[in-house]
Amino acid sequence: MSQENQPQATNGLTYAQAGVDIDAGNELVRRIKPLVKATSRPGADSDIGGFGGLFDLKGAGFSDPILVAANDGVGTKLKIAIETAQHRTVGIDLVAMCVNDLVVQGAEPLFFLDYFACGALDVDQAADVVAGIADGCKMAGAALIGGETAEMPGMYSEGDYDLAGFSVGAVERGAILPRRDVGEGDVLLGLASSGVHSNGYSMVRKIVELSGLAWSDKAPFDAAQTLGEALMTPTKIYVKPLLAALTASRGIKALAHITGGGLPENLPRVLPAETSARIDLSAISVPPVFNWLATAGGVAEKEMLRTFNCGVGMVVVVSADEADAVAAVLAQEGETVFRIGAIEAAGDKPVLFDNALGLGK
């Protein structure tokens, strides 16, 4: 090969020219440090910048704890966040999807870590996301002790990003849920959701596409918001009300976080094989967003129930003699509580439905 045909060396190539901006990453860390510090709690000082986050279980007041871990993402709800430039609330969604899975096992969330991946780091966008994560951590009482920002040119389109969250909680050895004494006669309390939460958004986005509406149009089910704003309502974090109820009463036997799969798929996860849950759908106050989704998409009730929470984001299984007291504590903590059914001897399905949701009204 002649000299002139040989590849020429490029002098002075920088990481930034390859698509990764270290200075932007440093600026993001500077911006989020006070947000992270604001999530401090006993057991964690919430400093970031080291190679790992530390947590002191003894300092958090536990004597014989079992650790509980959960991880999750936000799913295709992120597409709406990106297309509408609403990045603050998806951080709350991310925390909620993890910490709600911890508290259903009786655990108090202790700390949280996040993973933010993008093609090219937009500091303002990423700072908004982390601010939401910090908001969610404060709502859950968890310390944000670390995370990872991955800038990967060529992996993501311009403006796109992905999120994952990881949380660890603790529960004293004798207080793990579900309890073994869940049985016939126990009452089912439903806690109202804030809306769609973070499941079923592939269906949501398809229905919006079929409707011909833009994200900036008024929401057909809420004239005070645009469609994009209404569908970005963050997932409700149930941690503090449930911990208060668990402290106030020994009557709570099990909790079920109603996520993808809805009531038919999530409630059986905490029930003994010899039981079924019978639910009166007419007892649920269905948020208007679900009525619109069912009507605009022509979605049958059965499909709605196995795709969305349909208004119940958490189910509490409680002994009949403590049901009213537990409901009162939860209401005092700001929850809207529905008495939606009871546990009975096993039927032909793990979850049996009576009446109808009244969708499409």
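What is the extension gain from Glu172 to Asp280, computed as 0.36 nm multiplied by their sequence separation minus the C-alpha to C-alpha distance, in nm to one decimal?
Answer, rounded to one decimal: 35.5 nm.
For region 276-338, report the accessible area per residue in Å² (1.4 Å probe, heavy atoms, rounded to an integer).
Here the residues of region 276-338 average 37 Å² of exposed surface.
Once the Cα gyration tensor of region 284-361 is found, what semi-axes does its equivalent ellipsoid get, as square roots of 5 times the eigenvalues, in whole Å, sorted largest first?
Working: eigenvalues 132, 65, 15 Å².
Values for region 284-361, descending: 26, 18, 9 Å.
Given H placed 1.01 Å from N in the peptide plane, which residues other than close sequence neighbours of Ala170 have an amide H under 5 Å from its amide H?
Amide H neighbours of Ala170, under 5 Å, 5+ apart: Val68, Glu108, Leu110.
Mind listing the phi-derived Karplus ³J(HN,Hα) values for region 192-197, rounded to whole Hz, using 6.51, -1.76 and 1.60 with θ = phi - 60°, and x for any glycine or proline?
Running phi through 6.51 cos²θ - 1.76 cosθ + 1.60 with θ = phi - 60° gives 4, 7, 8, x, 6, 6 Hz.
Where in region 140-169 are there GluC sites (Glu not before Pro) that are in a DSSP coil and have at most 11 other Cβ atoms within 10 angstrom of their Cβ?
Glu158
In the chain, what % of DSSP beta bridges are antiparallel (nearest 5)?
In the chain, approximately 75 percent of DSSP beta bridges are antiparallel ones.
Return the sequence-ordered ³J(HN,Hα) values of region 164-173 in whole Hz as given by the Karplus equation 6.51 cos²θ - 1.76 cosθ + 1.60 applied to θ = phi - 60°, using x for Gly and Pro.
Values per residue, Gly and Pro as x: 9, x, 9, 9, 10, x, 9, 9, 4, 3 Hz.
Output needed: percent of Cα pairs per 20 Å distance bin for the chain, bins running from 0 to the one holding the longest distance.
Result, from short to long distances: 28, 52, 17, 3, 0 percent.
Treating only the Cα positions of region 225-265 as identical point scatterers, give the base-10 log of I(q)/I(0) from the Debye formula at each q in 0.19, 0.26, 0.28, 0.30 Å⁻¹.
Log10 I(q)/I(0), no solvent term: -0.77, -0.95, -0.98, -1.02.
With a 10 Å cut-off between alpha carbons and a GNM built on the chain, which of Val29, Val103, Val130 moves the most?
Of Val29, Val103, Val130, the most mobile in the Gaussian network model is Val29.
Rounded to a whole number of µm²/s, how large is the Stokes-Einstein D of region 185-247 at 4 °C and 1.567 mPa s, given Rh as the Kirkwood radius over C-alpha pairs?
Reported coefficient: 92 µm²/s.
Considering every pair of different Cα atoms, what Kirkwood radius, in Å, is found for region 160-274?
This gives a value of 17.4 Å.
Can you give me the % of accessible surface on region 16-151 that is carbon or sulfur? Probe 1.4 Å, all protein chains present, nothing else counted.
Ligands and nucleic acids excluded, carbon and sulfur reach 52 percent.
If you roll a 1.4 angstrom probe over the protein chains with everything in place, what fraction of the accessible area of region 248-361 belongs to carbon and sulfur, to the nearest %?
The nonpolar share, carbon plus sulfur, comes to 47 percent.
Could you give the nm distance between label points at Ser249 and Ala69, where each point is 7 Å from its Cα heading toward the beta carbon?
Each label point lies 7 Å from its Cα, and together they span 3.4 nm.
Against the longest alpha carbon principal axis of the chain, how many degrees, from 0 to 90 and to the nearest 10, is the axis of helix 90-103 turned?
Roughly 50 degrees between the two axes.
Using the Karplus curve 6.51 cos²θ - 1.76 cosθ + 1.60 with θ = phi - 60°, work out ³J(HN,Hα) for each residue of region 327-335 in order, rounded to whole Hz, and write x for Gly and Pro.
Residue by residue, region 327-335 yields 4, 5, 5, 5, 5, 4, 7, x, 8 Hz.
Mind giving me the nanometre distance, one decimal, between the label points for Ala214 and Arg31, set 7 Å out from Cα along Cα→Cβ?
My value for the distance between the label points is 2.7 nm.
Send over a whole-number figure in Å² for the accessible area per residue of region 102-174, probe 1.4 Å.
Details: 2550 Å² over 73 residues.
Result: 35 Å² per residue.
With runs of 4+ DSSP H residues as the only contributors, calculate the mean residue ellipticity of the chain at 222 nm using -39,500 (n - 2.57) per run, divided by the residue total and rounded to the nearest 500. Let's see the in-between values first.
Details: 11 runs with 114 residues, N = 361.
My calculation for the chain gives -9500 deg cm²/dmol from helical runs alone.
Taking a 25 Å limit on the Cα-Cα distance, which of the listed pairs Lys206/Lys240; Lys253/Lys302; Lys37/Lys240 fall beyond it?
Beyond 25 Å: Lys206/Lys240; Lys253/Lys302.
Once you put a point 7 Å from the Cα of Thr14 and another 7 Å from the Cα of Arg180, both along the Cβ direction, what distance in nm separates them?
Those two pseudo-labels are separated by 6.5 nm.
The values are calculated or read from the model by the stated rules, or taken from the named source; none is laboratory data. On a predicted model such as this, the values are computed, not experimentally measured, just so you know. Note that each Cβ is placed from the backbone with ideal geometry, even for glycine, and that neighbours are counted across all protein chains shown. Quick note on the areas: whole protein, heavy atoms, side chains included, nothing else; ligands and nucleic acids left out. Shrake-Rupley method; radii C 1.70, N 1.55, O 1.52, S 1.80 Å.
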